[in-house]
Amino acid sequence: MIQEEAVEKVKEVIEEDVWGNLVRFFKMDLIPVGEGKDAIHITVGLLLLVILSLVTTNFVLNWIRRLLTRKMSQEDRLKFVSVFKFARYFVYLIVVLVALASAGVNVNVILTASAALLVGIGFALQELFLDIIGGIFIMVDKSLRVGDIIESDNRVGRVLEIRLRTTRALTRDDKVIIIPNHKFIKETIYNYTQNHKTTRESINVGVAYGSDTALVEKLLLGCIQEHDGILRVPKPFVLFEDFGDSALLFGLYFFVKDSFVDPRIKSDLRFTIDKTFREHNISIPFPQRDIYIHQKKE
């Protein structure tokens, strides 16, 4: 009996010593910050608490993301994930602050000390936040989609990718332009294909005074029929637009299903129009002035 009691006492001493060492290990300061009552003690236990909180939060956020996106289309899922990635950083920040507060850390000291820094960073990153907000608006209201043809700063491009901060588009010169998303909320951007892929294009041409206007209309419509890239429905049409200074002004209007290659279509039509007018003796005049010089008699 005496031996058993001795063994039990030894076990209790060992357990108390192990538990005490473990508690002291968790309370051990790693990085002392500050002095006095406002000092922040970053201990092993606090560090493990923050890490465990972030791991748990990450698991919960991934579960929520999978739950919300399981019935979304591929395009909507990619947009949601981009916005979700931005939002999760704020969640992480809140979780860290809550974990610190629950461990007895005075969070107000951290916020007060970092207030000036956060204000400076806010001003420096103001345009970045505008880009991100613009990206969120684009994804939510679907004012822009991959494949849309847009015009920005007199450059036409086909949208390749919409990211949270920027939008990538391919120009007619096969060059990729990266457009900050804040442009879509601060400036006017033309979207040629927002409602449908068909767009109306036009070519302006002037003919000499005295030309047969009915023949001009017929020839212009005939030039349209020779091009495969122009839609037959809606039907092309010609407008007699004005009497110019040196020419009768006509507008040839037609519809295409891919306005991205519209300059090439217009170029082909101009070649055809020039050739057709030459064959029918219809001249395209150029502006000219007659200057009369009167010499004063002495």
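The values are calculated or read from the model by the stated rules, or taken from the named source; none is laboratory data. All values derive from a computational prediction rather than experimental measurement. Methodologically, a virtual Cβ is constructed for each residue, glycine included, from the backbone with ideal geometry; neighbour enumeration extends over all protein chains shown.
Residue-level analysis places residue 160 among those that are touching a Lys or Arg at 6+ places or on another chain (Cβ under 8 Å) and either surrounded by 14 or more Cβ atoms within 10 Å (Cβ to Cβ) or more than 25 Å from residue 233 (Cα to Cα) (or both).
Evaluating residue 225 against the criteria (1) touching a residue at least 12 places away in the same chain (Cβ under 8 Å); (2) farther than 30 Å from residue 131 by Cβ; (3) polar (S, T, N, Q) leaves one unmet condition, (1). If the condition is being charged (D, E, K, R) and part of a strand (DSSP E or B), then segment 160-171 contributes 161, 168.
Would you confirm whether any residue within segment 155-167 is at positive phi and either of a type in the set (Lys, Arg) or without any contact (Cβ under 8 Å) to a residue 24 or more places away in the chain (or both)? No, that holds for no residue.
Residues that are within 30 Å of residue 63 (Cβ to Cβ), in a helix (DSSP H, G or I) and at pLDDT below 65 do not occur anywhere in segment 114-122. Within segment 220-245, being touching a strand residue (DSSP E or B) at 6+ places or on another chain (Cβ under 9 Å) and modelled with pLDDT under 85 holds for 227, 229.
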